[in-house]
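J.: Take a look at the following structure, please.
The values are calculated or read from the model by the stated rules, or taken from the named source; none is laboratory data. Just so it is clear, the model here is predicted, and its values are computed rather than measured. Cβ placement follows ideal geometry from the backbone for every residue including glycine, while neighbour counts extend to all protein chains displayed.
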Amino acid sequence: VLEFKPFKDWVSAISKESYSVKKKELEFKKVEIQNVDYFGPKIGFIKFKVDARLIENGKNVPGIVFMRGGSVAVLLILRSKDENETVNEHVVLTEQPRIPVPSLAFPEIPAGMLDGSGNFTGKASEEIREETGIVIKDQDLIDMTELAYGNQYKGAYPSPGGSDEFMRLCLCIKDMNINDIIKLEGKLGGLRDHGENIVVKLMKLNELWKIPDMKALSALCLYEALKKE
């Protein structure tokens, strides 16, 4: 557990918070490891509880943590022109079983967990290839979280009250023939030997706000905001 990179990063960060001159509101007593899930020989998830208290009155601060580390998601926009030269924009989605929700066909943008290498765009292009079969180059990806936050935050945090997970949200805009785009609909993707059962779906960009995937909504928000910068 002590060598699990997300945990090591958390310990380093929490130590800086604890000894910060400007932030002496909290006192950290102990960390209780409650459960560890493995992906083969490697740690996948850790659940632990932190005994943290307000110095002012001694009351406990919620400290249950589901640790999984960072992830990367891609807003992949496919552009095409019809016979009238009108530009159409479609977003590539995946549908797959998501047991926690629960849903047997949850719509979302392509995403995956980071491997700790720090190569966000490289991991993003890998996930796109595995989940959709579309090959894109690392340099074709724009890390929108870096443009938005710089070094202030690791990424966007979907559930900071209970998890350390941060998301790097990347953008890729690719020009394709409309017939090639249509062929993607219903295509099977994912690594079957890893338990992935993915179906590729397409949605018009201007309708993306209708799906319940927080990754997609966050990426769409950043995309629209950065276009105005």
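J.: Among the residues that make up segment 18-31, is at least one of them at pLDDT 95 or above, surrounded by fewer than 17 Cβ atoms within 10 Å (Cβ to Cβ) and assigned to a strand (DSSP E or B)?
T.: no
J.: Something else about it: Pairs needed: first member in segment 212-225, surrounded by fewer than 18 Cβ atoms within 10 Å (Cβ to Cβ); second member anywhere, of a type in the set (Gly, Ala, Ser) and at pLDDT 95 or above; C-beta distance under 8 Å; at least 6 residues apart or different chains.
T.: Pairs that qualify, where the first residue is surrounded by fewer than 18 Cβ atoms within 10 Å (Cβ to Cβ) and the partner is of a type in the set (Gly, Ala, Ser) and at pLDDT 95 or above, are Ala225/Ala148.
J.: Continuing with the same structure: How about segment 49-88: which of its residues are in a loop (DSSP other than H, G, I, E, B), among the β-branched types (Val, Ile, Thr) and under 20 Å from Met203 (Cβ atoms)?
T.: Result: Thr86, single match.
J.: For segment 89-208, which fully contained helices (runs of 4 or more DSSP H) count at least 2 residues that are at pLDDT below 95 and crowded, with 16+ Cβ neighbours inside 10 Å?
T.: The helices (runs of 4 or more DSSP H) meeting that bar are 120-132, 178-184.
J.: Ok, one more. Of all residues in segment 32-80, which are surrounded by fewer than 16 Cβ atoms within 10 Å (Cβ to Cβ), within 30 Å of Ile136 (Cβ to Cβ) and aromatic (Phe, Trp, Tyr)?
T.: Of everything in segment 32-80, just one residue is surrounded by fewer than 16 Cβ atoms within 10 Å (Cβ to Cβ), within 30 Å of Ile136 (Cβ to Cβ) and aromatic (Phe, Trp, Tyr), namely Phe39.
J.: Working carefully through the options Phe106, Phe48, find the one that is aromatic (Phe, Trp, Tyr) and either assigned by TED's automatic domain parsing to the domain that holds Cys170 or touching a residue at least 40 places away in the same chain (Cβ under 8 Å) (or both).
T.: Only one candidate qualifies: Phe106.
J.: Let me ask you something else. If you go through segment 19-36 one residue at a time, do you hit one that is in contact (Cβ under 8 Å) with a residue 12 or more places away in the chain and in contact with a Pro (Cβ under 6 Å, 6 or more places away or on another chain)?
T.: No, the conditions are met nowhere in segment 19-36.
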